[in-house]
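Everything below concerns the one structure shown next.
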Amino acid sequence: QRDAFLREFDAVVVALAPSGDQTRVPSGDQTGAGVVLDRTAFYAGGGGQPCDVGTLAFGDQTANVVKVSRKDGEIVHELDSEPPAVGTTVTGTVDWENRYALMRTHTALHILCGVIWREYGAHVTGGNMTPLAARMDFEFENMTADFAEHVQALANAEIDAASDISVDFLPRDAAMAHPDLIRTKINLLPEGIPEIRVVDIAGLDIQADGGTHVANTRDVGRIRIVGHESKGRINKRLRLVIEDA
C-alpha cells in the first residue's frame with residue numbers, strides 16, 4: 001500500500017485457511033492450502049487488477065503463492081503445496097516481472113482515464129487488466145477510430161511529460177469531499193473504511209485507488225490502443241497494450 005517496489009519481506013504465519021474457503025483452519029490442523037501472515041507485500045487483487053503471485057520460503061522449503069485474496073478481512077495466500085505451520089517465519093518474494101508489468105498497465109489506465117476526464121469529462125464504467133494489456137469502458141455515446149488515435153496521442157504525451165506519481169492517505173470525509181477523486185460511474189469505495197488511499201499523477205489525475213503503480217509516467221513505456229467497441233448505448237470500450245519505449 002505504501003511501497004509498490006517492495007519485492008521481498010519476512011513475516012510470520014498467524015493462521016491457516018482452506019483454499020477457496022472463508023473459514024480459518026484451527027491452529028492444530030495443518031491441512032489448509034493457504035496462509036494468513038502478520039504482514040505482506042502481496043497485492044490481494046481488486047479494482048480490475050489481478051493479485052500478485054510469487055513464493056514463500058521457510059526452512060529448506062519453498063511454496064509457490066498461486067493466488068492472494070481477501071477473505072473475512074484477512075489476506076489469504078493460497079499455496080501449491082502443504083503450508084507452513086502457524087508461528088513459522090517465512091520469506092515472501094513477489095514475482096517482480098509480473099508485478100511490474102501490472103504496475104505499468106495500471107498506471108497506463110490512470111493516464112488514459114485522466115486524459116479522457118480532462119478532455120471530455122467522461123466517467124469510467126468498467127475496466128480490467130492483465131500484464132501489459134487492458135480494457136477500459138467509458139460513458140460515451142459514440143467512439144471512432146480517429147477518437148482512439150487522438151486519445152492515444154494525448155496519453156503518450158503525458159508519458160513523455162515524465163510526471164511523478166505519489167501515494168497518500170486521506171480521512172474518508174476529506175476524500176469524499178474532493179470533486180474529482182471518484183472517476184467511476186458508481187462509487188466503489190467500501191463503507192466503513194476510515195482512510196482512503198489516493199494515487200496522484202502530478203498535474204493530470206488523482207483518484208482513490210488501492211492498486212500498485214510505477215513512480216513516474218515515463219516508466220509506463222508506450223500506450224497503443226488496439227481496439228474500440230460499443231458495449232451499449234452510452235458504454236464504449238477501449239482496448240490497449242503497453243509496449244516498451
(request) Restrict the check to the stretch 85-107 and report whether at least one residue is part of a helix (DSSP H, G or I), more than 15 Å from residue 214 (Cβ to Cβ), open to solvent by 50 Å² or more (accessible area, probe 1.4 Å) and in contact (Cβ under 8 Å) with a residue 24 or more places away in the chain. (result) no
(message) Among (1) out of contact with any strand residue (DSSP E or B) (no Cβ under 6 Å at 6 or more places or on another chain); (2) buried (at least 18 other Cβ atoms within 10 Å of the Cβ); (3) of a type outside the set (A, V, I, L, M), there is one condition residue 130 misses while meeting the rest; what is its number?
(response) (2)
(message) Residues that are more than 17 Å from residue 112 (Cα to Cα) and open to solvent by less than 30 Å² (accessible area, probe 1.4 Å), at least 2 per element: which strands (runs of 3 or more DSSP E) completely within the stretch 189-245 meet that?
(response) 195-201
(request) Please work out if residue 78 is surrounded by 22 or more Cβ atoms within 10 Å (Cβ to Cβ), of a type in the set (Asp, Glu) and either farther than 30 Å from residue 10 by Cα or at pLDDT 95 or above (or both). (result) yes
(message) For the structure I just gave you, tell me whether residue 161 is open to solvent by 50 Å² or more (accessible area, probe 1.4 Å) and modelled with pLDDT of 95 or more.
(response) yes
(message) From the list 130, 184, exactly one residue is touching a Pro at 6+ places or on another chain (Cβ under 9 Å) and either modelled with pLDDT of 95 or more or closer than 28 Å to residue 234 by Cβ (or both). Which is it?
(response) 130
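The values are calculated or read from the model by the stated rules, or taken from the named source; none is laboratory data. What you are looking at is a predicted structure, and each value in this text was computed from that prediction instead of being measured. When we count neighbours, we look across all protein chains shown, and the Cβ atoms used for this are built from the backbone with ideal geometry, even at glycine. Remember, those area values only see protein heavy atoms, side chains included, never the ligands or the DNA or RNA. Shrake-Rupley method; radii C 1.70, N 1.55, O 1.52, S 1.80 Å.
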